[in-house]
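Down below is the structure, laid out as structure tokens.
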There are 2 protein chains.
Amino acid sequence: NSGELQQVRRMMNGGLKPADVAHLIESSPPKIRTLLWNMVDQDNEGEVLQYLSFDLQESFLREMNAEELIAAVEHLDIDDLADMLQHLPSTIISEVLRSMDQQDRERLEQVLSYPEDSAGGLMNTDTITVRADISIDTALRYLRWHSEIPAMTDSLFVVSRKDVFIGILPLTRLLVSDPNISIREVMITDTITIPATMPDTDVAKLFERHDLVSAPVVGDDNVLLGRITIDDVVDVIREESDHSLMSMAGLDDDADTFSPTLKTARRRAVWLGINLITAFIASAVIGMFEATIQKVVALAVLMPIVASMGGIAGSQTLTLMIRGQALGQVERSNMGWLLNRELLVGLLNGVLWAVVIACLAMLWFKDITIGIIIASAIMINLIAAALSGTMLPLLLKAWGIDPALAGSVILTTITDVVGFMSFLGLATIFYA
Amino acid sequence: NSGELQQVRRMMNGGLKPADVAHLIESSPPKIRTLLWNMVDQDNEGEVLQYLSFDLQESFLREMNAEELIAAVEHLDIDDLADMLQHLPSTIISEVLRSMDQQDRERLEQVLSYPEDSAGGLMNTDTITVRADISIDTALRYLRWHSEIPAMTDSLFVVSRKDVFIGILPLTRLLVSDPNISIREVMITDTITIPATMPDTDVAKLFERHDLVSAPVVGDDNVLLGRITIDDVVDVIREESDHSLMSMAGLDDDADTFSPTLKTARRRAVWLGINLITAFIASAVIGMFEATIQKVVALAVLMPIVASMGGIAGSQTLTLMIRGQALGQVERSNMGWLLNRELLVGLLNGVLWAVVIACLAMLWFKDITIGIIIASAIMINLIAAALSGTMLPLLLKAWGIDPALAGSVILTTITDVVGFMSFLGLATIFYA
């Protein structure tokens, strides 16, 4: 219905802000996404693009020819542009670079020379710099020459003649200072500077911990290269927090809620395959005790309880440790205390639930032996869960493996194997 | 060793910034926490406190008498102070209120009158307001009267004589404007205002989507009440992201990595107990088929595979849906598409893994029937997993239950029951 479409088009290019248009596109299934994207006027394409996820940016940018692409991105900030280009073929990157004036090209090339997940890849080059020996009044007049100050500018950066970073002058301080004194007298030199090579998650920790709005990025010899602003850091924080949640379920942390069926099926298949290996290992353990199960079928009925209680307890410990690592709270120095605490917690909950489960099992099967066996197996498995839940994240990290991704699979394998082995093994001894 | 202690004390009160001291305390086991906290000079206590988690704030504040407490908190921002007091007994709140001058008291009472997780509870009252009809030059002179402008001030708020919010004047715009024109000519009126009753997670979405540093909070009739700054929003984003991760493992989202043993054991016991009910339901289902298992023990060996594949597939769908809900992407309008996609993905992976598992089972037990049975059960369970993983979050949310907390328990119950029921049920028919 063309009247309605006209109305949507008007809303997409006027009523809604670019960030809202991007959200609307991201919250739609693939076909509607393309339909909505094609309604965005060319003038607004760049603005909308920078709020879209990398996956979507890439798919839309690949549809454009070089001219359209250059027209869409010409008004973007250098850091946003760099993020976008990083996912495109190098021929397109060169064409965009060629279209820019020399100063912008040099800036973009500098940002592109750092990894995407480093401070250098996150920085923008739109700093306003001043010298320490000019007066506040001169600084104010210098600012008034600008037709516009970049968004998120909360400080001027004070640099030497050779661009060496000296300190910051917050706008809030500039505005309350006596116009006749020099910047040197009011600037702040005891401030946080970010090396261009710092990983972006460390940058996020600094911003979070010190309530920063923007911070200077410096290279070798403390030369000012650019600045990082809180809006880009918020994205890093969101991604980092999503990472643990998504990885623990074997999902890509930038997984798109509305990925098409085949892509989704392919990605999920891998994780199901890995977990199938775990499941077969557990089955192999059960298979060792076929004769015992044949004799006492109640064992088959109760054995999932032992494995499942171990899995739950272990994943609680694992989740706490993974979050502790992400917050930078868990390190070698306090591991001893944590391991001790988790073992004690495992022991206490082991005793509590072993008694409860033993009583229920005895009542159900009118058999005291099975109660003793399941109680012992629960105790053993909860302690194994505490031990592996605490140690795994540390070991995996030391080996360079992401604990959020590999931790839960390995943990489940351990609690399944220990659970079935101890329960059926003890049963084999008791019922021999 | 007292020399070393002296050195630590000096570092705690000089070398480290308050946020770093707070991080050090949070990353330590309970006894060392108390030791470190006692080393903080009284003058620095308030600053350090505001960076600590609520749990720790509360435990340290409860140890103080009213005078110590008032001395510690007197220099804090109103919003940080309100957050801290909200967790303390009302007698202490009244005493702090009595110690303040009238203006601060009224401001604090206003912030305390809103729920902690609303915009009103998050706001600070340290706004700088101006009238629309004064000139830029007058505004600059007015600012210079201040000895200090509050941190994170990126805009002046333009209000009417009756404090009705009219617009904002970003400092970056103030600094580049002609001093002789009036504020009315350069202020921005098409801006985001936040109602005091808005939930804090919605505030976070607005800040994230529109790259805000601060935003005005308004009450009835658009009267300006205060402002929210990005540093507090970053905390909300961090908490919100942690919430899904922690809740899915049955942990409090503000759970302290270094909680003492007994507290930890008690909290975890509840979750283990709830999951035990799930495990017993699954056992009851297996119990219905004791006779069949007695006849074909291989069923006991293979049945965990069916349940586990369903659980893994279901939790992938569930995690994706919960994150989609948190990002505001998943709503009733696109549920049809999502359900369809997940069912197709379940079907595709069902076929793939059913064939693989059937072949492995046939080879292992030299029995074609068991291959057919397990293939069918896997198919049924993966589709049940897709269906419940997609629908559960929507249903739970509609019933006012937190999907991140209850979703995984209910999902596991469904995939266990469907898995065991279909596998053992089919076996009972085939082997009858």
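Residue-wise test of (1) among the small types (Gly, Ala, Ser); (2) in contact with a Leu (Cβ under 7 Å, 6 or more places away or on another chain).
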| site | (1), (2) |
| --- | --- |
| A:Val217 | no, yes |
| A:Leu224 | no, no |
| A:Ile228 | no, yes |
| A:Ala255 | yes, yes |
| A:Ala298 | yes, no |
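Here segment A:305-325 is the region considered, the condition is being open to solvent by less than 30 Å² (accessible area, probe 1.4 Å) and small (Gly, Ala, Ser), and the residue that is nearest to the chain's Cα centre (by Cα) is A:Gly324. Within segment A:209-253, the set of residues being under 17 Å from B:Asp232 (Cα atoms), in a loop (DSSP other than H, G, I, E, B) and open to solvent by 20 Å² or more (accessible area, probe 1.4 Å) comprises A:Asp211, A:Leu212. Taking the conditions (1) surrounded by fewer than 23 Cβ atoms within 10 Å (Cβ to Cβ); (2) touching a Lys or Arg at 6+ places or on another chain (Cβ under 9 Å); (3) within 26 Å of A:Gln50 (Cα to Cα) in turn, B:Ser155 satisfies each one other than (1). Screening the candidates A:Leu169, A:Leu175 for the property of being part of a helix (DSSP H, G or I), under 21 Å from B:Tyr142 (Cα atoms) and open to solvent by less than 50 Å² (accessible area, probe 1.4 Å) yields one hit, A:Leu175.
Is there a residue being among the polar types (S, T, N, Q), open to solvent by 70 Å² or more (accessible area, probe 1.4 Å) and in contact with a helix residue (DSSP H, G or I) (Cβ under 8 Å, 6 or more places away or on another chain) anywhere in segment B:111-125? Yes, some residue in segment B:111-125 is among the polar types (S, T, N, Q), open to solvent by 70 Å² or more (accessible area, probe 1.4 Å) and in contact with a helix residue (DSSP H, G or I) (Cβ under 8 Å, 6 or more places away or on another chain).
Anything in segment A:377-413 that is open to solvent by 40 Å² or more (accessible area, probe 1.4 Å) and either in a helix (DSSP H, G or I) or among the aliphatic types (A, V, I, L, M) (or both)? List them, or say none.
The answer is A:Met379, A:Ile380, A:Ile383, A:Leu387, A:Met391, A:Leu395, A:Lys397, A:Ala398, A:Ile401, A:Leu405, A:Ile410, A:Thr412.
Filtering B:Met321, B:Met335 for residues that are more than 9 Å from chain A (Cβ to nearest Cβ), part of a helix (DSSP H, G or I) and at pLDDT below 95 leaves a single hit, B:Met335.
Taken together, the criteria exclude A:Thr257 from residues that are more than 23 Å from the chain's Cα centre (by Cα), closer than 23 Å to A:Leu56 by Cβ and either among the hydroxyl-bearing types (Ser, Thr, Tyr) or modelled with pLDDT of 90 or more (or both).
Could you tell me whether any residue of segment B:414-432 is hydroxyl-bearing (Ser, Thr, Tyr) and not in a helix (DSSP H, G or I)?
yes
Taking segment A:178-207 as the range and being without any contact (Cβ under 8 Å) to a residue 60 or more places away in the chain and surrounded by 21 or more Cβ atoms within 10 Å (Cβ to Cβ) as the test, the residues that pass are A:Ile183, A:Met187, A:Ala204, A:Phe207. Quick one: is A:Asp133 farther than 20 Å from A:Arg227 by Cβ, within 14 Å of another protein chain (Cβ to nearest Cβ) and of a type outside the set (A, V, I, L, M, F, W, C)? Spelling it out, it is not the case that A:Asp133 is farther than 20 Å from A:Arg227 by Cβ, within 14 Å of another protein chain (Cβ to nearest Cβ) and of a type outside the set (A, V, I, L, M, F, W, C). Figure legend. Inter-residue proximity from segment B:76-103: first residues farther than 20 Å from B:Thr229 by Cβ, second residues of a type in the set (Gly, Ala, Ser) and open to solvent by 20 Å² or more (accessible area, probe 1.4 Å), beta-carbon distance below 6 Å, spacing 6+ or different chains. Indicated pairs: B:Glu95/B:Ala66. Of all residues in segment B:1-23, those being within 10 Å of chain A (Cβ to nearest Cβ) and part of a helix (DSSP H, G or I) number 5.
The values are calculated or read from the model by the stated rules, or taken from the named source; none is laboratory data. Remember, it's a predicted structure, so these values are computed and weren't measured experimentally. Every residue, glycine among them, receives a Cβ derived from its backbone with ideal geometry; neighbour counts consider all protein chains shown. Areas reflect the complete protein model, heavy atoms only, side chains present, ligands, DNA and RNA absent. Shrake-Rupley method; radii C 1.70, N 1.55, O 1.52, S 1.80 Å.
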